[in-house]
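Comments concern the structure below.
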Amino acid sequence: MRFQAALHVGITLSVVTFAATTATAKDTYPPLDVLLSTTTTTIGQPFEYPEGQAKITGAIVTMQPGQKTGWHKHEAPLFAYILEGEITVDYGPNGTKTYKTGDSFVEAFESEHNGQNTGDGITRILAVFAGAEGTPNTVSEKN
């Protein structure tokens with residue numbers, strides 16, 4: 001099942017890449033602005049898709065100034081794009097990273113972390129989980 005999902009994603013990306021690179025001025029396919037293409041998370045971890053029926057979840061996370069996420073981890077790969085504001089994420093032994101408007105990354109996978117809005121205004125994050133039925137996207141940790 002994992003191979004079929006990876007094959008489907010690979011074929012889809014190949015078609016999109018082919019269409020984008022072979023387009024002429026007369027073609028109607030819009031240009032692509034690739035935000036991110038990676039095989040590792042923001043802290044260098046390789047990641048895999050969960051087993052089972054694929055499930056994509058898209059959400060906008062809105063955080064007030066100073067607000068924290070609380071310690072948590074993700075069991076599904078998470079693509080994040082900062083729409084507005086700034087967030088600093090504590091990855092424990094892997095250090096901290098600050099992300100600002102326009103930044104994109106794959107969040108730490110199966111590794112505890114805690115984010116805080118360290119900007120002056122709200123922070124809005126587009127979060128896209130590439131998960132599976134029955135696999136939680138986010139698990140809160142009790143520290």
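Structure data summary
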{"item": "Test for residue 73: is it surrounded by 16 or more Cβ atoms within 10 Å (Cβ to Cβ), closer than 21 Å to residue 142 by Cα, touching a residue at least 12 places away in the same chain (Cβ under 8 Å) and of a type in the set (Lys, Arg)", "result": "yes"}
{"item": "Which numbered condition residue 68 misses (of (1) without any contact (Cβ under 8 Å) to a residue 40 or more places away in the chain; (2) of a type in the set (D, E, K, R); (3) surrounded by fewer than 17 Cβ atoms within 10 Å (Cβ to Cβ))", "result": "(1)"}
{"item": "Residue match in the stretch 55-65 (condition: touching a strand residue (DSSP E or B) at 6+ places or on another chain (Cβ under 8 Å), of a type outside the set (S, T, N, Q), assigned to a loop (DSSP other than H, G, I, E, B) and under 22 Å from residue 131 (Cβ atoms))", "result": "no"}
{"item": "Output for the stretch 113-143, where each listed residue is outside any strand (DSSP E or B), exposed (fewer than 15 other Cβ atoms within 10 Å of the Cβ) and of a type outside the set (A, V, I, L, M)", "result": "120, 121, 133, 134, 136, 141, 142, 143"}
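The numbers here are math on the coordinates, done by the rules we state, and not lab data. A quick note: this is a predicted structure, and the numbers were derived from the prediction, not measured. Note that we place each Cβ from the backbone using ideal geometry, even for glycine, and neighbour counts take in every protein chain shown.
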